[in-house]
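Everything on this sheet refers to the single structure shown next.
What follows is calculated from the coordinates using simple rules that are stated; it is not laboratory data. Computed from a predicted model, the values in this text were never measured in an experiment. Neighbour counts are summed over all protein chains in view; Cβ atoms, including those assigned to glycine, are modelled from backbone coordinates with ideal geometry.
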Amino acid sequence: MKERFLHYIWQNGFFDQNNLMTNQGNRLLIRYKGLLNTDAGPDFLNTQILIDDILWAGHVEIHKNSSDWYAHGHEKDPAYDNVILHVVYNDNMPVYNSHNQQIPTLELSKYIDKKVLKTYKKRFETKTFLPCQDAIGQIDEITLLNYKYRLFIERLENKYQNIKNWLLETKNDWHQILYQTLLKYTGGPVNKEAFEWLGRLLPHKIFIKYNNDLIKTEALLFGVAGLLNDEKSDEYYKVLQQEYRFLKAKHGLDELPAGNIKFHRLRPSNFPTIRLAQFARMYHQTGHLFEKLLELDNPGQARKLFTVTASVYWDTHYNFDKITKPKKKTTGKDFVNLIIINVVVSLKFAYQQHVGHYDNDTLIELMEKLPAEKNKIVRIYNNINLPSKNALDSQAFIQLYQNYCIPKKCLSCDIGHNILKKGL
Ligand code: SF4
């Protein structure tokens, strides 16, 4: 049995609290269980208890065996002198603090809710991945729905924590943050790091100066991406090369080292050349993208903004120098949805947090109107009866997978909590 489970039992009161006695033979009444401490020191802080009607205020330390008190060296540590109750599953010895005062012990095994304990052992003391899978179907819709909302917001909050650091670094330059995030997701799974790096080497402040001129915009992107360093006979390539050489010297630009931009195993429509040309068009078409993004509140508006077609040269090319059958290179539905989910919604949420204007309902509505993502995580939950009906669901399940199921935090998960509470 893990200590975390005993914390969970204490915190949620899953034990008979009416006739408690310490192992020293005194009546015990819990007035306030205290706050779970995730830092160093006792497990629950500022607890209030009555022992034989005398009020005690202090901390609670929880262990599987009372001898763990000594195994952890608490008897010598003044940080534990204010512990007023030692809660253990198994009391195998009396314990004393650094002033040699005995600490009252509550032996939880005498009072624990047997149904919760049985369910815990059956479900969560196993090594199975997703130990809740057989019970999930019995959890009611409302509980699941509320949990999905919370997971989704939690995911946005996590992203906002990173954006906060980024805001400090860029001195609140939201344009740079949008530009770099958009580049990252435009790069797709294969080129996201390289494209994000490109956004640092070619700052938004320089890039945006040329957004009215599509040739210069493409020249900057392809040049800093290191894609204009060869000798080619292609006329368009030569024009971009010439433009880039001039702009590179003017702004002292550095380039991505060769080999960072990858074409390998990509469909031609996802080639980095096509994605960069589409990215150039996004900014060429709508210069003040960040302001536009803040105004968006439905998928239709967002689709309009990010559905763009690469310049004419790309109608007959997927890469420089190789002519192909004519086809407009317009961003597809899946790509645009991915941008709305990962860029638009994340940055709108972050900005709302930053300025203190909260409107989670609009973001939730927007996500509920978008189709669910298609990925490995979504398939895992689909297979255990948790289908993703929309993008809010799929984002919630990504949060669940990464932050609860993988680190096995079933006791911090609403699904796990429900299973234990109901004995499923
Ligand atoms: S974290 Fe929650 S959903 Fe994941 S396995 Fe545990 S109980 Fe199930």
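Using the average count of surrounding beta-carbon atoms within 10 Å as a protection proxy, the listed peptides 269-279, 326-336 rank, highest first, as 269-279, 326-336. The convex hull around the C-alpha trace of the stretch 125-236, projected and averaged over every direction, spans 12.8 square nanometres.
Averaging Cα coordinates gives a centre for the stretch 220-246 and one for the stretch 368-424; these two points are 46 Å apart.
Suppose the Debye formula is applied to equal point scatterers at every Cα of the stretch 3-112; what is log10 I(q)/I(0) at q = 0.10, 0.16, 0.23 Å⁻¹? Those come out to -0.23, -0.63, -1.48, one per q. Averaging the Cα positions of each part gives two centres, and for the stretch 298-351 and the stretch 275-294 these lie 10 Å apart. Directionally averaged projected area (the stretch 220-323, Cα convex hull): 8.0 nm². Other residues with beta-carbon under 14 Å from the beta-carbon of Asn97 carry, at +1 per Lys or Arg and -1 per Asp or Glu, a net charge of -3.
For the stretch 166-368, the equivalent ellipsoid built from the Cα gyration tensor has semi-axes of 29, 20, 14 Å, listed from largest to smallest. Each Lys or Arg adds one and each Asp or Glu subtracts one; over the other residues with Cβ under 12 Å from the Cβ of Asp321, this totals -1. Mind grabbing the base-10 log of I(q)/I(0) for the stretch 39-171 at q = 0.12, 0.22 Å⁻¹? Debye formula, identical points on the C-alpha positions, no solvent, two decimal places. Treating every Cα as an identical point scatterer, log10 I(q)/I(0) equals -0.79, -1.19.
Identify all aspartates and glutamates with a Cα-Cα distance to Lys327 below 13 Å; exclude those on the same chain that are fewer than 8 residues away in sequence. The reachable aspartates and glutamates, counting only those whose Cα sits under 13 Å from Lys327, are Asp315. Rg and Dmax of the stretch 93-161, based on Cα coordinates, read 20.0, 53 Å. Computed from point charges on the beta carbon alone (+1 for Lys and Arg, -1 for Asp and Glu), the dipole magnitude for the stretch 166-368 about its Cα centre is near 600 Debye.
Sequence-distant contacts, meaning Cα pairs under 8 Å at least 6 residues apart, place the relative contact order of the stretch 166-368 at 20 percent. Both radii were evaluated on the Cα set of the chain; the Rg over Rh quotient, with Rh as the Kirkwood radius, amounts to 1.13.
Applying a threshold of 18 Å to the alpha-carbon distances of Lys184/Lys325; Lys238/Lys262; Lys238/Lys322 flags Lys184/Lys325; Lys238/Lys262 as lying beyond it.
Across the alpha-carbon set of the stretch 126-176, the Rg to Rh ratio works out to 1.28, Rh being the Kirkwood radius. Sparse packing (at most 13 other Cβ atoms within 10 Å of the Cβ) combined with a DSSP loop state is found for the following chymotrypsin sites (Phe, Trp or Tyr not before Pro) in the stretch 129-173: Phe129.
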